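The values are calculated or read from the model by the stated rules, or taken from the named source; none is laboratory data. Please read these numbers as outputs of a predicted model, since none were measured by experiment. Cβ: placed from backbone, ideal geometry, glycine included. Neighbour counts: every protein chain shown.
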Amino acid sequence: MADPKDDDEDIAEETAFDQLRNGDSGGIAARFLAAKTEVLQKQLAQLHLSHFREWLYASAEMVVGLVILLIFVGIASAVWSAAHDNGLVIESFSVPADMNNRGLNGQVVASRLLDKLSQLQSQTVSSRAASSYANDWGKDIKVQIPETGVSIGQLNDYLHEWLGDVTHISGEVLRDADGNISLTARVGSDAGPVFTGKEADFDKLLQQAAESVYARTQPYRYAVYLSSLDPKDQSRADEAYRKLAENGSLQDRAWAYIGLSTIYSGRNQPEEALRVLHKALELRPNFAIAILDIASQEGQYQHDESTLFWNRKLVAALRGGDASDMDPRAAAINARMAQANSAALQGDFQQQLKFDAEGEALPDSGGQIETLRQNDLLAYAFMHDGAGVHSAIADNSMTANRGVIVNRTAELFGAYTALGRWRDALALADTLEVMVAELGPGAISFETNTVRPYASLAMAMLGNVDGAKRRIEHTPLNCDLCGRMRGRIAAVEHRWAAAAYWFGMVSARTPSIPFADTDWGMMLLQKGDPAAAIEKFKSAHRKGPHFADPLEGWGEALMLQNRSDLALAKFKEANAYAPNWGRLHLKWGEALLYSGDRSGAKTEFARAAALDLTGNERRELAKALR
């Protein structure tokens with residue numbers, strides 16, 4: 001029901017407006033409207049004040065809510081951090097009073113033990129991810145300093161003790177009646193061994209205590225540390241790995257076999273190395289690091305088909321297999337390296353360079369970038385690109401590391417062989433013989449399976465066939481490179497049946513690798529049988545469709561059949577995969593000349609003259625130009 005006062009006000013307001021319209025701007029009507037305006041202004045001010053108060057109340061509620069949220073987030077973060085704490089806390093040691101008075105108090109002893117443990121961790125280099133260890137400290141190693149009263153810091157410590165898995169180290173230093181001291185470091189409630197000696201040997205005792213703590217809390221890392229101490233004496237590391245392989249967790253057992261394989265490789269026991277790697281795969285069928293090491297072992301012994309298989313398997317394992325406990329940096333760079341190796345084994349050296357470049361752009365892991373750069377050098381050599389080889393050499397940084405120097409020398413030796421620089425290759429082979437002898441048993445397989453077969457070929461190409469045959473005689477028959485080099489030495493002597501025997505043997509066991517068929521085709525060209533050579537080049541091309549050598553050989557065979565017109569297509573195709581190959585452009589120019597294209601021939605001859613050519617090839621070029 002309407003209020004009568006509102007009706008009266010509405011009537012008065014209407015009457016006032018009528019008076020104003022009739023010209024009465026003074027009197028009662030004007031005063032009424034003025035009063036009405038004043039009332040409206042007050043109501044408006046009250047309305048603004050009310051809105052301001054509501055905004056203040058809402059803002060205050062938001063601030064309170066935000067503070068509560070921040071407190072909740074802080075508590076949740078502290079709880080999460082505490083629950084995931086696997087750190088190491090070293091408590092203050094108990095020490096004799098006289099040592100304490102000289103400043104060697106319990107906190108100082110704890111700090112020195114911390115330094116020793118940190119140093120042990122820094123010496124432990126492994127492809128294994130730190131997060132995969134059952135008791136991983138990470139970088140969270142600290143000395144506990146006692147506090148008085150209750151503080152936020154202490155409450156946080158209590159939370160970590162309650163929810164986390166913190167390892168506590170405690171201990172004491174005692175002095176006996178003879179003045180000797182004994183040092184004990186305990187892991188939790190586990191009574192550790194006692195180390196006794198003169199006070200002058202305190203640092204040595206502390207090192208022994210640190211190693212004892214490391215062995216009990218980080219058994220796999222401790223085994224890796226032992227293996228780094230003396231490459232010639234791996235007995236302690238061997239024992240530590242064997243204990244882990246028998247009694248460790250599933251992860252530690254699998255990784256222990258990786259460590260054992262490294263020891264066997266260093267002793268030149270390839271069969272044993274592969275045996276324990278396959279035992280690791282029995283535990284974890286897609287274990288990426290085991291697959292990586294098998295691929296490396298097979299490559300070292302020149303088992304090409306098997307090497308290709310395991311490199312492809314490694315790529316799959318790193319993408320979706322069992323690589324969760326591998327260091328992510330190692331996994332990323334080894335995936336590129338496996339792809340590069342697979343490409344190289346099928347003659348696709350441009351693709352190898354692409355994968356090498358991708359790997360070199362990643363964070364380094366265990367010196368892998370150095371290996372990729374060395375592989376670049378060989379890729380250019382197998383593309384017959386001398387300028388590329390020298391460019392790759394120039395990209396190498398200076399080093400005093402003996403192992404790196406040996407590897408670089410070996411890669412250069414292989415490059416000289418691929419480029420046909422026989423005298424340079426043979427000189428480096430002699431240098432490598434000395435270097436490899438200094439590296440111990442682990443390098444014997446490299447000398448036997450790589451240096452010796454290439455050096456033997458260089459000797460044969462320089463006219464010393466008998467010396468070459470003696471040098472290669474005791475290389476393994478299951479070494480694919482050795483078999484191919486035996487065949488090429490036989491071809492130098494024109495012993496065609498013997499050469500075919502060796503090439504055929506290697507070709508049969510390498511159905512995915514084009515090299516033996518390419519060598520076989522080149523031998524048949526030398527023999528003067530272009531039709532048979534073309535069949536071998538076709539086979540090599542099926543195995544390695546991006547390998548330039550069988551295409552170039554195919555072109556030369558067609559020229560011998562007086563089909564230079566068809567040879568042009570093969571040379572052009574080969575050029576896509578080896579654009580800086582001097583011999584390719586020489587033969588291409590000859591084919592153009594025979595086809596009547598003197599201008600095109602001149603262009604190819606000029607290109608050939610600017611690239612690497614052997615002495616015989618330069619004589620051919622001079623003859624063609626005349």
(request) Please find, within segment 169-197, the residue that is surrounded by the most Cβ atoms within 10 Å (Cβ to Cβ) out of those that are among the hydrophobic types (A, V, I, L, M, F, W, C), under 25 Å from residue 219 (Cβ atoms) and touching a residue at least 12 places away in the same chain (Cβ under 8 Å). (result) 185
(request) Find the strands (runs of 3 or more DSSP E) located wholly in segment 101-187 whose residues include 2 or more that are modelled with pLDDT under 80 and not hydroxyl-bearing (Ser, Thr, Tyr), and list them. (result) 141-143
(message) Considering only residues that are crowded, with 22+ Cβ neighbours inside 10 Å and farther than 17 Å from residue 609 by Cβ, which ones fall in segment 565-577?
(response) 567, 570, 574, 577
(request) State whether the residues of segment 237-248 include one that is free of Cβ contacts under 8 Å to residues at least 12 places away in the same chain and within 19 Å of residue 442 (Cα to Cα). (result) no
(request) State yes or no: is residue 535 modelled with pLDDT of 95 or more, more than 28 Å from residue 297 (Cβ to Cβ) and in contact with a Lys or Arg (Cβ under 9 Å, 6 or more places away or on another chain)? (result) no
(request) From the list 467, 483, 440, pick out the single residue that is among the small types (Gly, Ala, Ser) and at positive phi. (result) 440
(request) For segment 251-278, name all the residues that are surrounded by fewer than 19 Cβ atoms within 10 Å (Cβ to Cβ), in a helix (DSSP H, G or I) and of a type in the set (D, E, K, R). (result) 271, 272, 275
(message) Can you confirm whether residue 427 is among the small types (Gly, Ala, Ser) and at pLDDT 90 or above?
(response) yes
(request) May I ask you to list the residues in segment 279-301 that are in contact with a Ser or Thr (Cβ under 7 Å, 6 or more places away or on another chain) and either crowded, with 24+ Cβ neighbours inside 10 Å or in a loop (DSSP other than H, G, I, E, B) (or both)? (result) 289, 293, 295, 301
(request) Could you please let me know if residue 473 is under 34 Å from the mean Cα position of the chain (by Cα) and free of Cβ contacts under 8 Å to residues at least 60 places away in the same chain? (result) no
(message) Considering only residues that are without any contact (Cβ under 8 Å) to a residue 12 or more places away in the chain and out of contact with any helix residue (DSSP H, G or I) (no Cβ under 8 Å at 6 or more places or on another chain), which ones fall in segment 204-236?
(response) 204, 230, 233, 235
(request) Please verify whether segment 493-506 includes one or more residues that are in a helix (DSSP H, G or I), closer than 25 Å to residue 583 by Cα, over 33 Å from the mean Cα position of the chain (by Cα) and of a type in the set (A, V, I, L, M). (result) yes
(request) Restrict the check to segment 444-457 and report whether at least one residue is closer than 23 Å to residue 232 by Cα, out of contact with any strand residue (DSSP E or B) (no Cβ under 9 Å at 6 or more places or on another chain) and surrounded by fewer than 16 Cβ atoms within 10 Å (Cβ to Cβ). (result) yes
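Conditions tested, residue by residue: (1) part of a helix (DSSP H, G or I); (2) farther than 23 Å from residue 515 by Cβ.
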{"position": "546", "(1), (2)": "no, no"}
{"position": "568", "(1), (2)": "yes, yes"}
{"position": "574", "(1), (2)": "yes, no"}
{"position": "579", "(1), (2)": "no, no"}
{"position": "586", "(1), (2)": "yes, no"}
{"position": "602", "(1), (2)": "yes, yes"}
{"position": "606", "(1), (2)": "yes, yes"}
(request) Report yes if residue 461 is on the phi < 0 side of the Ramachandran plot, modelled with pLDDT of 95 or more and touching a helix residue (DSSP H, G or I) at 6+ places or on another chain (Cβ under 7 Å), otherwise no. (result) yes
